[in-house]
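Here's the structure we're looking at; comments come further down.
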């Protein structure tokens, strides 16, 4: 990737949305921790840097900062909210508690700048701050203001440093997209080279060169990520690839059969189905802690693949469908670990392969789908519901048993059927059932019951880094609820999860 913009993350809720916006404007972007050194950035040579917002105050001792030498690299910088405060603070300005905070939609007026090219002199922005810049550093000038904020934007043109108090990356800010494009294309000089067609072609060619004549094993789950990764490698090296599908007993209803049919009939791939249900469920017996479940599953996946590789002989590479949100959530550098993904943070320390190949590691979920369409995968497969690598293990709360899995499979299948029947399957990005570990009293007929509660989860999202709960019509929820309690034994209560991400994650575990 010849062009790149780096987003330095200071803990803002919109940090990953910024990265998605940059990519939407045709520029490749990576998120890096604010602790990255100026030397590392100099080596990476990005065309621009974006400092994100964050919940802290720059004048507090424990607040996140960055290497001050970054401001002197000569790389164009855009500071957003907390990022603007940090730039002012590091350059010698003054940041203080504002007499009046600004939250929500606020009118802002600018006086002209390359950053505000083609943006009306007055527009509405999205503010979320209590601190403000009281005094600008030497060499910086103010370029925008609100009624109560004297420096809603400021810059040092000579150094290529620009900053805004508001959030141009959110849809609530008028002309925010134009402002971001001005920074990327006019100030940083980036073209619009990041698109999935060229990425797909370039990645396939790179895979051909890397793999050469060696053999490859693919960890195929049947989800969109591993399917797209497998087909990219298949396009690159053909029959040198063997796909291993591990039936770990934690799959959705009829999942194993549909995956096998897809790979053999549709794509003519070398396909091996390994029945490891007893092995996985035995290892998971009595385990209740989510991270431990993920670690066990990650370990066993790798061990199964190693055994199959030894049986096949001379396998050099392992392919996985790891995507960018997996990497970010599993922690990178000093970033917080949200949860270990079995194909990232859940890997064992010693792996019996020459190298792991992850062709989708830099992509968000919607980008993976675009690559799938570029490869000619049927839309029904590309838009298949996302399914976590640990499978139903992280949708059964508490210990895992065959009986609990049977209950969840049926409940989940009914919920998915009703969402699809209502024509909502494309409008909702992910939806599934969860078997809670809660049992409660109910009445069925004239009899008392004491059975499980099933949680239903459905979210809308563009990048799976943030998500909102889906506003499913009550009649759809009512029908799904009635079917589950009537058709699935040992369930007498249904709840619907209305929590966004953050503060929750999409999966319950």
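The values are calculated or read from the model by the stated rules, or taken from the named source; none is laboratory data. If you're wondering where the values come from, they're calculated on a predicted model, not measured in any experiment. Glycine gets a Cβ as well: all are built from the backbone with ideal geometry, and neighbour counts include every protein chain shown.
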Collect the residues in segment 387-413 that are part of a loop (DSSP other than H, G, I, E, B) and crowded, with 18+ Cβ neighbours inside 10 Å, keeping them in residue-number order. 387, 388, 389, 390, 395, 397, 400
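Rundown of residues vs (1) surrounded by fewer than 21 Cβ atoms within 10 Å (Cβ to Cβ); (2) at pLDDT 95 or above, yes/no style:
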site: 452; (1), (2): no, yes
site: 457; (1), (2): no, yes
site: 482; (1), (2): yes, yes
site: 487; (1), (2): yes, yes
site: 491; (1), (2): no, yes
site: 496; (1), (2): yes, yes
site: 505; (1), (2): yes, no
Looking at (1) part of a helix (DSSP H, G or I); (2) touching a helix residue (DSSP H, G or I) at 6+ places or on another chain (Cβ under 7 Å); (3) farther than 30 Å from residue 75 by Cα, can you tell me which one residue 252 breaks? (1)
Residue check: is residue 339 assigned by TED's automatic domain parsing to the domain that holds residue 236 and modelled with pLDDT of 80 or more? no
Flag for residue 19 being part of a helix (DSSP H, G or I) and surrounded by fewer than 18 Cβ atoms within 10 Å (Cβ to Cβ): no
Only residues that are assigned to a loop (DSSP other than H, G, I, E, B) and surrounded by fewer than 20 Cβ atoms within 10 Å (Cβ to Cβ): list them for segment 114-152, please. 117, 118, 120, 121, 137, 138, 139, 146, 147, 148, 150
Considering segment 357-386 alone, what residues qualify as being touching a residue at least 60 places away in the same chain (Cβ under 8 Å), part of a loop (DSSP other than H, G, I, E, B) and in contact with a strand residue (DSSP E or B) (Cβ under 7 Å, 6 or more places away or on another chain)? 386
Just a yes or no: is a residue in segment 32-43 buried (at least 17 other Cβ atoms within 10 Å of the Cβ), under 19 Å from residue 128 (Cα atoms) and touching a helix residue (DSSP H, G or I) at 6+ places or on another chain (Cβ under 7 Å)? no
Residue hits (segment 153-174; farther than 15 Å from residue 187 by Cα and outside any strand (DSSP E or B)) are 165, 166, 167, 168, 169, 170, 171, 172, 173, 174
Looking only at segment 22-39, filter to residues that are within 20 Å of residue 64 (Cα to Cα) and part of a loop (DSSP other than H, G, I, E, B); which one of those is nearest to the chain's Cα centre (by Cα)? 34
Which numbered condition trips up residue 210, out of (1) surrounded by fewer than 18 Cβ atoms within 10 Å (Cβ to Cβ); (2) touching a strand residue (DSSP E or B) at 6+ places or on another chain (Cβ under 9 Å); (3) part of a loop (DSSP other than H, G, I, E, B)? (3)
Residue, modelled with the lowest pLDDT, within segment 259-309, restricted to residues that are assigned to a loop (DSSP other than H, G, I, E, B) and touching a helix residue (DSSP H, G or I) at 6+ places or on another chain (Cβ under 8 Å): 267
Tell me the residue from 53, 83 that is within 30 Å of residue 360 (Cβ to Cβ), outside the structural domain of residue 363 (by TED's automatic domain parsing), in a loop (DSSP other than H, G, I, E, B) and in contact (Cβ under 8 Å) with a residue 40 or more places away in the chain, please. 53
Of the residues in segment 422-440, those that are surrounded by fewer than 13 Cβ atoms within 10 Å (Cβ to Cβ) and touching a strand residue (DSSP E or B) at 6+ places or on another chain (Cβ under 6 Å) number 1
In segment 464-476, residue modelled with the lowest pLDDT [restricted to those that are closer than 19 Å to residue 509 by Cα and touching a helix residue (DSSP H, G or I) at 6+ places or on another chain (Cβ under 7 Å)]: 465
With respect to residue 403, determine if the residue is under 23 Å from the mean Cα position of the chain (by Cα) and either within 20 Å of residue 366 (Cα to Cα) or at pLDDT 95 or above (or both). no
